[in-house]
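The numbers here are math on the coordinates, done by the rules we state, and not lab data. Since this is a predicted model, take the numbers as computed values, not measurements. With ideal geometry, Cβ positions are generated from the backbone for all residues, glycine too; neighbour counts draw on all protein chains shown.
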Amino acid sequence: MGDANCPSCADCSAGNCSRLDKSFPGFCPTVKMGADAVESCVAKYTENPVDHKIAITSAQIESDFYCSATRAEEILIFAKRMGYEKVGVASCLGLIRECGLFARAARARGVNLYGVACKIGAVDKTRIGLEEERKLVPHSHESMCNPIMQAETLNREGTDFNVIIGLCVGHDTLFIKHSKAPVTYLIVKDRVLCHNPAAALYNMDSYYSRLLRPDRQ
Ligand code: SF4
């Protein structure tokens with residue numbers, strides 16, 4: 001078990017890794033990992049042509065559209081520049097309207113898009129062991145989120161790149177784990193905050209101070 005209070009980048013106020021205009025703190029992972037680790041990681045970008053293209057394309061988009069392209073635009077620009085022929089979307093059924101809007105934008109820009117909703121397969125939640133009483137409406141058919149089938153459907157469709165729209169925490173983890181194509185996010189689900197999870201952090205010293213309470217787990 002690691003030390004939960006071990007200082008890391010999460011505790012850094014220097015950010016010297018960005019422009020080398022300050023000093024590295026003593027706990028800095030750049031220092032701890034050492035120069036060999038830095039060089040070994042740099043080599044991986046150039047040794048693997050796919051990783052290299054992803055890294056360069058992403059950096060070029062940052063340069064070309066810094067603070068001017070929205071994330072939806074960035075994803076479509078990235079897909080075009082990467083030469084992806086088919087983009088998959090793994091969407092929450094509750095956000096299927098947003099999935100459709102994104103499909104409209106994608107198709108308007110000539111991006112071929114194939115979307116799959118989280119309830120695909122229509123498998124009842126109890127089939128994988130969830131207790132009946134834990135359904136939102138017990139004693140009715142309630143389909144489980146099926147991120148493995150979403151991934152396998154997109155794998156079979158041969159998508160080159162997959163986009164997540166609002167999958168639940170954990171379901172998104174399984175989708176990423178089972179997706180053959182690389183994955184990015186368009187919408188991160190937050191049912192309470194209209195899909196803006198950062199809002200809880202910004203208000204952690206006021207309205208969302210409950211985040212600091214260990215009894216809420
Ligand atoms: S890598 Fe080092 S300098 Fe950069 S944020 Fe982490 S601790 Fe700070």
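Taking Cα centre as origin and charging only the Cβ of basic (Lys, Arg, +1) and acidic (Asp, Glu, -1) residues, the dipole magnitude of the chain rounds to 560 debye. Residue by residue, segment 71-77 carries 3J(HN,Hα) couplings of 4, 4, 5, 4, 5, 6, 5 Hz when phi is fed to the Karplus relation 6.51 cos²θ - 1.76 cosθ + 1.60 (θ = phi - 60°); x denotes Gly or Pro.
Using Cα pairs closer than 8 Å and at least 6 residues apart in sequence, work out the relative contact order for segment 149-217, in percent. Intermediate results must be reported in sequence, preceding the final value.
Values: 70 pairs, mean separation 17.8, N = 69.
Reported as a whole number, the value is 26 percent.
For a footprinting-style exposure proxy, rank GLU98, GLU73 by other Cβ within 10 Å, fewest first.
Working: GLU98 18, GLU73 14.
The order, fewest Cβ neighbours first, is GLU73, GLU98.
In order along segment 15-21, the phi-based Karplus estimate (6.51 cos²θ - 1.76 cosθ + 1.60, θ = phi - 60°) of 3J(HN,Hα) comes to x, 5, 5, 6, 10, 6, 10 Hz; Gly and Pro are listed as x. For the chain, the tally of Lys pairs with Cα-Cα distances below 15 Å comes to 5, considering only residues 8 or more apart or on different chains.
Across segment 176-186, coupling constants 3J(HN,Hα) worked out from phi with the 6.51/-1.76/1.60 Karplus curve, θ = phi - 60°, read 4, 5, 9, 6, 6, 7, x, 10, 9, 9, 9 Hz, and Gly and Pro carry x. Per-residue packing, averaged as other Cβ atoms within 10 Å, sorts the ranges 87-93, 199-205 into the order 87-93, 199-205, beginning with the highest. Between amide H atoms placed 1.01 Å from N, distances below 5 Å from GLY88 occur with TYR114, ASP160, PHE161, ASN162, VAL163, all of them 5 or more places distant or on a separate chain. Ordering TYR84, TYR207, TYR114 by the number of other Cβ atoms within 10 Å of each residue's own Cβ, fewest first, gives TYR207, TYR114, TYR84. Of the options ALA106, ILE75, THR173, report the single residue whose Cα projects farthest towards the positive end of the charge dipole of the chain (beta-carbon charges: Lys, Arg +1; Asp, Glu -1). Going by the Cα projections, it comes out as ALA106.
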